[in-house]
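What follows is a single structure, written as structure tokens, with notes after it.
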Amino acid sequence: MILGVQAGLNVSRYYTVLGQDDTYWEYKAAALAGRVGYHPDLGVPNLDVYAIGFLGYYFYGGEAVYPDTYPSGVGRETPVDYSQTLYGGYIGARWFFWKHIGVFLEGGYSFFTYVQGGLTFKF
């Protein structure tokens, strides 16, 4: 069994379909969660399989910025806050084709994604 911490940060800005330079959505997000995982030994060299669960909080806020010519009733800056409890779990596998570098694939449920994969590093 393994205990750990999961953290992330994202800052983004994108422009709306109105196509004006002063019309955009900007947000900042941070996640902090505790993790617990189990890594059984299947006896296969270079293969690591695991199951992980996590629980924490997702801080998400931002604002929509509209031009002064936008229809009345909508403020120039409209703040939003979608912060919420963060939870989920997934199963995965890592295959190390070199001593410290490999690939991974995970599937399950989380606020961020259902399936993910990529490179992994062992320090």
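The values are calculated or read from the model by the stated rules, or taken from the named source; none is laboratory data. Remember, predicted model here, so these are calculated numbers, not experimental data. With ideal geometry, Cβ positions are generated from the backbone for all residues, glycine too; neighbour counts draw on all protein chains shown.
One table, with the values for the structure above:
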quantity: Restricting segment 77-107 to residues that are charged (D, E, K, R) and under 17 Å from residue 123 (Cα atoms), the residue that is surrounded by the most Cβ atoms within 10 Å (Cβ to Cβ); calculated: 94
quantity: Cβ pairs under 8 Å, 6+ apart, first in segment 22-45 and more than 22 Å from residue 86 (Cα to Cα), second among the small types (Gly, Ala, Ser); calculated: 24/64; 25/62; 25/64
quantity: Condition check for residue 64: under 19 Å from residue 116 (Cβ atoms), touching a Phe, Trp or Tyr at 6+ places or on another chain (Cβ under 8 Å) and either assigned to a strand (DSSP E or B) or modelled with pLDDT of 85 or more (or both); calculated: no
quantity: Per-region count, segment 67-100, residues part of a strand (DSSP E or B), aliphatic (A, V, I, L, M) and modelled with pLDDT under 90; calculated: 2
quantity: Residue in segment 13-38 that is modelled with the highest pLDDT, counting only those that are exposed (fewer than 13 other Cβ atoms within 10 Å of the Cβ) and within 16 Å of residue 60 (Cα to Cα); calculated: 13
quantity: Pick from segment 101-122, criterion in contact with a strand residue (DSSP E or B) (Cβ under 7 Å, 6 or more places away or on another chain), in a loop (DSSP other than H, G, I, E, B) and under 21 Å from residue 56 (Cβ atoms), ranking: modelled with the lowest pLDDT; calculated: 111
quantity: Close pairs from segment 81-93: first under 19 Å from residue 37 (Cα atoms) and without any contact (Cβ under 8 Å) to a residue 12 or more places away in the chain, partner surrounded by 18 or more Cβ atoms within 10 Å (Cβ to Cβ) and among the hydroxyl-bearing types (Ser, Thr, Tyr), Cβ under 9 Å, at least 6 apart; calculated: none
